[in-house]
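Heads up: the structure comes next, in structure tokens.
The values are calculated or read from the model by the stated rules, or taken from the named source; none is laboratory data. These figures come from a predicted structure and were not determined experimentally. All Cβ positions, glycine included, derive from the backbone under ideal geometry; neighbour counts span all protein chains shown.
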């Protein structure tokens, strides 16, 4: 079992997160309804990923670049 379906099963009733909102909306092909939540999730995650790349040196060695 993957992480998101387990989260959907184990979450408290009425508790919605951005990933679960996107998951349920795309599951019924309501892509226009899922788009704002997905975009917000990307906007919130991008700075964290960027900081990880900058502080971690990118994780690439000279040979891989």
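A few notes on this one:
- For beta carbons closer than 9 Å, sequence separation of 6+ or different chains, a first residue in the stretch 16-42 that is within 13 Å of residue 4 (Cβ to Cβ) and a second that is at pLDDT 90 or above and outside any helix (DSSP H, G or I), the qualifying pairs are 24/30.
- Residue 16 vs. criteria modelled with pLDDT of 85 or more and part of a helix (DSSP H, G or I): no
- Failed item in (1) in a loop (DSSP other than H, G, I, E, B); (2) surrounded by 10 or more Cβ atoms within 10 Å (Cβ to Cβ); (3) at pLDDT 90 or above, with residue 29 passing the rest: (2)
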